[in-house]
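So the structure is just underneath, and the comments pick up after that.
The values are calculated or read from the model by the stated rules, or taken from the named source; none is laboratory data. This one's a predicted model, so the numbers in the text were calculated from it and none came from an experiment. All Cβ positions, even for glycine, are placed from backbone atoms using ideal geometry, and neighbour counts span all protein chains on display. The area values use the complete protein model at the heavy-atom level, side chains included, leaving out ligands, DNA and RNA. Shrake-Rupley method; radii C 1.70, N 1.55, O 1.52, S 1.80 Å.
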Amino acid sequence: MNNVKNAQVAIVTGASRGIGAAIARRLASDGFAVVVNYAASSKEADALVAELKAEGAAAIAVKADVSNADDVRRMFDATEQQLGRVDVLVNNAGILKTVPLADTSDAYFAQAFDINVRGTFNTLREAATRMNDGGRIVNFSSTTLALNMPGYSVYNATKAAVESFTHVFAKELRGRNITVNAVAPGPGATSLFLDGKTEEQIQHFAKLPPLQRLGQPEDIASVVAFLAGRDAGWVNGQVLRANGGVA
Ligand code: NAP
């Protein structure tokens, strides 16, 4: 059983399913009190919180659309009231739709930038004044940024912005002993990647890395756990590609 009372506090955005849920599980088992943030999947978020509590961790589910600054402020309020000040922020929430630039709707452009970029910006701005010194921030980029595949122009543009935030914000937090890094996963077995792809397309992506498989959410959760944990204290302002060697 974790020492719930003295646990450090971690917010994981988009933790109701996919990679975020695996991160919440891993950080809870590493001893963190965990905020399971979600936008729509309340059933999944509640079930995950129940699972983490049954294992002795402190956990709460907080509904907040990360693209909405007021929601994000309220998420930090709820976290401070129920668990304490934030030590770790994982900006995992994100969306992907692959579409050629010429066919991209205004609505998708706005939504992708709202969630992937503004969502990360909103939590970083809050973290700047509300995070404990010595904390850890892990943002989410993507290996697609290195692959430059057709259909990924808007998504990659959002992740390029996230990488820029990572490099600059790490420097702006000078003196606080807070690290800011990003993880850039390769193709991984979650609905974000799998939805809308044929079995043939999935197999194509699975064969790309020399390790010859798709990433699993747990592969990425362990990288986040490293960056959020004691051993990564000297890693700052970096983008860590976790992709089986695809790029
Ligand atoms: P996923 O399975 O689609 O899960 C996305 C999560 O984000 C869900 O929990 C969803 O919660 C949440 N979310 C979506 N919009 C939100 C919003 N506005 N506010 C708060 N939460 C929101 O995606 P995933 O594959 O785990 O991806 C996680 C991260 O890894 C993303 O940043 C993605 O870009 C990145 N990534 C993934 C892959 C991959 O192949 N899977 C590769 C590279 C990078 P609700 O259901 O409640 O909306």
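Across segment 61-70, which residue is nearest to the chain's Cα centre (by Cα) among those that are among the aliphatic types (A, V, I, L, M) and buried (at least 19 other Cβ atoms within 10 Å of the Cβ)?
Val66
For segment 1-45, which residues satisfy the criterion of being within 11 Å of the ligand (Cβ to nearest atom), open to solvent by 70 Å² or more (accessible area, probe 1.4 Å) and outside any helix (DSSP H, G or I)?
Arg17, Ala40
Looking for whichever is open to solvent by less than 20 Å² (accessible area, probe 1.4 Å) and part of a helix (DSSP H, G or I) here; the options are Leu48, Leu89. Which one fits?
Leu48
Scan (1) outside any helix (DSSP H, G or I); (2) modelled with pLDDT of 95 or more for the single condition Ala146 breaks and write down its number.
(1)
Give segment 188-215 a look and list any residue that's surrounded by 11 or more Cβ atoms within 10 Å (Cβ to Cβ), near the ligand (Cβ under 10 Å from one of its atoms) and either in contact (Cβ under 8 Å) with a residue 12 or more places away in the chain or assigned to a loop (DSSP other than H, G, I, E, B) (or both), or say none.
Within segment 188-215, Gly188, Ala189, Thr190, Leu192, Phe193, Phe205, Leu214, Gly215 meet the criteria.
Pairs please, first residue from segment 51-72 and closer than 21 Å to Gln8 by Cβ, second anywhere and more than 15 Å from the ligand (Cβ to nearest atom) and among the charged types (D, E, K, R), Cβ atoms under 6 Å, 6+ apart in sequence or on different chains.
If the second residue must be more than 15 Å from the ligand (Cβ to nearest atom) and among the charged types (D, E, K, R), the pairs left are Ala59/Lys53.
Inside segment 113-142, can you point out the residues that are assigned to a strand (DSSP E or B) and within 16 Å of the ligand (Cβ to nearest atom)?
Ile137, Val138, Asn139, Phe140, listed by residue number.
Since Arg176 meets every condition but one in (1) under 30 Å from Asp103 (Cα atoms); (2) touching a strand residue (DSSP E or B) at 6+ places or on another chain (Cβ under 8 Å), which condition does it not meet?
(1)
Considering only residues that are within 13 Å of the ligand (Cβ to nearest atom) and in contact with an Asp or Glu (Cβ under 6 Å, 6 or more places away or on another chain), which ones fall in segment 57-76?
Within segment 57-76, Ala61, Ala64, Asp65, Ser67, Asp71, Val72 meet the criteria.
Is it the case that Thr79 is closer than 29 Å to Val235 by Cα, within 12 Å of the ligand (Cβ to nearest atom), open to solvent by less than 30 Å² (accessible area, probe 1.4 Å) and not aromatic (Phe, Trp, Tyr)?
It is false that Thr79 is closer than 29 Å to Val235 by Cα, within 12 Å of the ligand (Cβ to nearest atom), open to solvent by less than 30 Å² (accessible area, probe 1.4 Å) and not aromatic (Phe, Trp, Tyr).
Answer yes if at least one residue in segment 96-111 is assigned to a helix (DSSP H, G or I), out of contact with any strand residue (DSSP E or B) (no Cβ under 9 Å at 6 or more places or on another chain) and farther than 22 Å from Gly151 by Cα, and no otherwise.
No, the conditions are met nowhere in segment 96-111.
Take segment 95-112 and flag every residue that is out of contact with any Gly (no Cβ under 7 Å at 6 or more places or on another chain), over 19 Å from Pro185 (Cα atoms) and open to solvent by 60 Å² or more (accessible area, probe 1.4 Å).
Hits for segment 95-112 are Leu101, Ala102, Asp103, Asp106, Ala107, Phe109, Gln111.
Pull out all pairs, ordered by first then second residue, where Cβ-Cβ is under 6 Å, the residues are six or more apart or on different chains, the first lies in segment 128-155 and is without any contact (Cβ under 8 Å) to a residue 40 or more places away in the chain, and the second is of a type in the set (D, E, K, R) and outside any strand (DSSP E or B).
Leu145/Lys159
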